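Data first, discussion second: the structure below is written as structure tokens.
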Amino acid sequence: MAHDTNGPIRLYMSMSLDGFITGPDDRAGQELGKDGGRLFNWLDDRHGDGPSGRIFREAMATGAVISGRRTFELAGRWQGDHHDGVAINVLTHHVDPDDRPPGSTRFFTDVGECVAEARAAAGGRAVLVHGAGAAQALLRAGLLDELEIHLVPVLLGGGRRLFDDTRVELRQVRQLTDRDVTHLRYAVAGRPR
């Protein structure tokens with residue numbers, strides 16, 4: 001769990017009621033899969049004063065980003081800047097020495113080193129996590145503190161799941177409801193099994 005001087009390592013993820021974070025056939029040119037864009041309709045309210053605006057402002061106030069490689073690539077590498085020039089640490093299985101990441105991006109193959117560098121870069125603020133692969137790796141290593149799930153009332157019937165064989169104990173610490181979404185925050189309360 002996070003220490004007093006460090007903000008939490010927190011996953012932010014939109015998810016359908018049946019557990020999918022993309023629609024079927026997510027790929028370049030169709031990054032969110034078929035009908036997966038529906039999972040992000042709540043962002044239409046990101047500049048408002050309601051719960052979705054609050055969640056968006058919290059995410060944009062984070063001090064660093066940890067992403068899985070697939071998410072990073074499908075997002076167009078965020079053109080080197082996810083938000084406000086914060087460090088972007090990308091978890092990957094292999095680092096090609098000729099691949100020069102843009103902006104403040106660095107590649108990591110070691111989960112612990114990735115988290116330590118993100119915490120240092122965040123300067124006490126929360127670290128935003130993107131991607132199923134990154135979330136699973138962090139959970140397995142016992143390094144994910146919280147999950148912020150934007151639960152969207154739709155059944156996609158297929159796509160990419162956030163978790164498959166991961167089992168951990170969670171404790172709900174917040175629930176905010178807005179138009180077409182419920183924002184649920186959970187603290188990781190138990191180790192992966």
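The values are calculated or read from the model by the stated rules, or taken from the named source; none is laboratory data. The shown structure was predicted, so the numbers you read here are calculated from the model rather than taken from an experiment. Quick reminder, even Gly has a Cβ in these numbers, built from the backbone with ideal geometry, and neighbours come from all protein chains shown. Accessible surface areas use protein heavy atoms only, side chains included; no ligands, DNA or RNA. Shrake-Rupley method; radii C 1.70, N 1.55, O 1.52, S 1.80 Å.
Name the residue that is farthest from Phe40 (Cα to Cα), counting only residues in region 178-193 that are at pLDDT 90 or above and exposed (fewer than 13 other Cβ atoms within 10 Å of the Cβ).
Ranking the candidates gives Ala189 first.
Take Gly80 and decide whether it is farther than 20 Å from Arg185 by Cα, surrounded by 13 or more Cβ atoms within 10 Å (Cβ to Cβ), in contact with a helix residue (DSSP H, G or I) (Cβ under 6 Å, 6 or more places away or on another chain) and touching a residue at least 12 places away in the same chain (Cβ under 8 Å).
Judged against the criteria, Gly80 is not a match.
Scan region 161-175 for residues that are under 14 Å from Ser14 (Cβ atoms) and either among the polar types (S, T, N, Q) or touching a helix residue (DSSP H, G or I) at 6+ places or on another chain (Cβ under 6 Å) (or both) and report the count.
1
For region 25-50, how many residues meet the condition of being of a type in the set (Phe, Trp, Tyr) and open to solvent by 80 Å² or more (accessible area, probe 1.4 Å)?
0
For Gly85, only one of the following conditions fails: (1) in contact with a strand residue (DSSP E or B) (Cβ under 9 Å, 6 or more places away or on another chain); (2) without any contact (Cβ under 8 Å) to a residue 24 or more places away in the chain. What is its number?
If we test Gly85 against (1) in contact with a strand residue (DSSP E or B) (Cβ under 9 Å, 6 or more places away or on another chain); (2) without any contact (Cβ under 8 Å) to a residue 24 or more places away in the chain, just (1) comes out false.
Quick one: is Pro101 more than 12 Å from the chain's Cα centre (by Cα), free of Cβ contacts under 8 Å to residues at least 60 places away in the same chain and open to solvent by less than 50 Å² (accessible area, probe 1.4 Å)?
Considered against the rule, which asks whether it is more than 12 Å from the chain's Cα centre (by Cα), free of Cβ contacts under 8 Å to residues at least 60 places away in the same chain and open to solvent by less than 50 Å² (accessible area, probe 1.4 Å), Pro101 comes out as yes.
Against the definition (open to solvent by 20 Å² or more (accessible area, probe 1.4 Å), basic (Lys, Arg) and not in a strand (DSSP E or B)), how does Arg171 come out, yes or no?
no
Can you tell me which residue among Leu128, Leu162, Leu138 is open to solvent by less than 40 Å² (accessible area, probe 1.4 Å), modelled with pLDDT under 95 and of a type outside the set (Lys, Arg)?
Result: Leu162 is the single residue among Leu128, Leu162, Leu138 that is open to solvent by less than 40 Å² (accessible area, probe 1.4 Å), modelled with pLDDT under 95 and of a type outside the set (Lys, Arg).
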